[in-house]
Amino acid sequence: MSVAEQTRQNILNVAADEIHHHGFKATSLSVILNRCGISKGALYHHFTNKLELGYAVFEEVYQPMFLQAWQPALSTDDPIEGLCEFLTSITEKMACNESVCGCPLNNLCEEMANVDEGFRLRILAMQEQLNQLIVDAFERVRDDLRNNIKFSQAGYFIAATLNGANSLGKSSRNKVVFTQIIDELCCYIRALKK
């Protein structure tokens, strides 16, 4: 990786952390510059403005991290149990600051989807990608699942419930609430089986 590529990646990582902790609108470019130890010129060499930087954080940091996190659970021989193990592991690994700060991707989606069309379209495309991963996993084990399931609806319901759990856990600053919602979501997912 060249020095320019390393600088760009460092900017993305620092910006992702700042956006996670402060939100996109409150994230300060001067703080990013200070944390990265670079000039404005170096930042603007890679990103023409804050919005372009935000899009890059979404596309290059948050989205791949989010989709890759789901991949192992959905690739198992039993994606139903894989999903439940994945969701339960989120509660087990969640640190207190995560229940206060929330999911970085969920936070950005809530903050920017209704404010900026570029973010809204990127969020929609990512949600569709995740939903397709879930649908494909369910299609693979169709014979093990109840006949009346609409896979696409089930996929969106699972993702929406996780997003809601993240939001409620963050707003209440209560990991127990998050865990209870995930436990109930796993009951729903397991009930998809025959």
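The values are calculated or read from the model by the stated rules, or taken from the named source; none is laboratory data. All of these numbers come straight from a predicted model, not from anything done at the bench. Every residue, glycine as well, gets a Cβ built from its backbone with ideal geometry; the counts of neighbours run over all protein chains shown. Only protein heavy atoms, including side chains, enter the accessible area calculation; ligands, DNA and RNA are left aside. Shrake-Rupley method; radii C 1.70, N 1.55, O 1.52, S 1.80 Å.
Ranking M65, S167, V3 by Cα position along the charge dipole of the chain, where only Lys, Arg, Asp and Glu carry charges on their C-beta atoms, puts S167 farthest toward the positive end. Our summary gives the chain a relative contact order of 24 percent, counting only alpha carbon pairs under 8 angstrom and 6 or more residues apart. Solvent-accessible area per residue in the chain equals 52 Å², computed with a 1.4 angstrom probe and all protein chains kept. Relative contact order for the stretch 39-145: 29 percent, from Cα pairs under 8 Å spaced at least 6 residues apart, divided by residue count. Ordering D77, D136 by accessible surface, largest first, gives D77, D136; the 1.4 Å probe counts only protein heavy atoms, with every chain in place. Once both labels are positioned 7 Å from their Cα atoms along Cα-to-Cβ, the gap between E92 and Q9 label points is 3.0 nm. Along the axis of the charge dipole computed for the chain (Cβ charges of +1 for Lys and Arg, -1 for Asp and Glu, origin at the Cα centre), the listed residues C186, H46, H20 are led at the positive end by H20. By a 1.4 Å probe calculation restricted to protein chains, M65 has an accessible surface near 100 Å², given to the nearest 10. Ordered by solvent-accessible area of protein heavy atoms (1.4 Å probe), largest first, the residues M126, M1 come out as M1, M126. Expressed as a fraction of 2.2 N^0.38 Å, the C-alpha radius of gyration for the stretch 52-154 is 1.20.
Centroid-to-centroid, using Cα positions, the stretch 32-111 and the stretch 119-144 are 18 Å apart. Among the DSSP helices (H) of the chain, those spanning at least 30 angstrom by Cα along their long axis with an average Kyte-Doolittle hydropathy of -1.0 or more are 117-140, 151-172; this is a geometric and hydropathy rule only.
Only lysine pairs 8 or more places apart or on separate chains count here, and in the chain those with Cα atoms under 22 Å apart total 8. Working note: 222 nm ellipticity from helices only, DSSP H runs with n ≥ 4, each -39,500 (n - 2.57), summed and divided by the residues of the chain, gives -24500 deg cm²/dmol to the nearest 500.
Taking other residues whose beta carbon is less than 13 angstrom from the beta carbon of K150, and scoring Lys, Arg as +1 and Asp, Glu as -1, yields +1. Taking the alpha carbon gyration tensor of the stretch 46-85, multiplying each eigenvalue by 5 and rooting it gives semi-axes of 33, 7, 5 Å, largest first. Of the solvent-accessible surface of the stretch 51-190, computed with a 1.4 Å probe over protein heavy atoms with every protein chain present, carbon and sulfur atoms account for 53 percent. Only Lys, Arg, Asp and Glu carry charge here, each on its Cβ (+1 for the first two, -1 for the last two); on that basis the chain has a dipole of about 360 debye about its Cα centre. Other residues within the sphere of radius under 14 Å centred on the Cβ of L12, judged by their own Cβ, net out at -3 (K and R +1, D and E -1).
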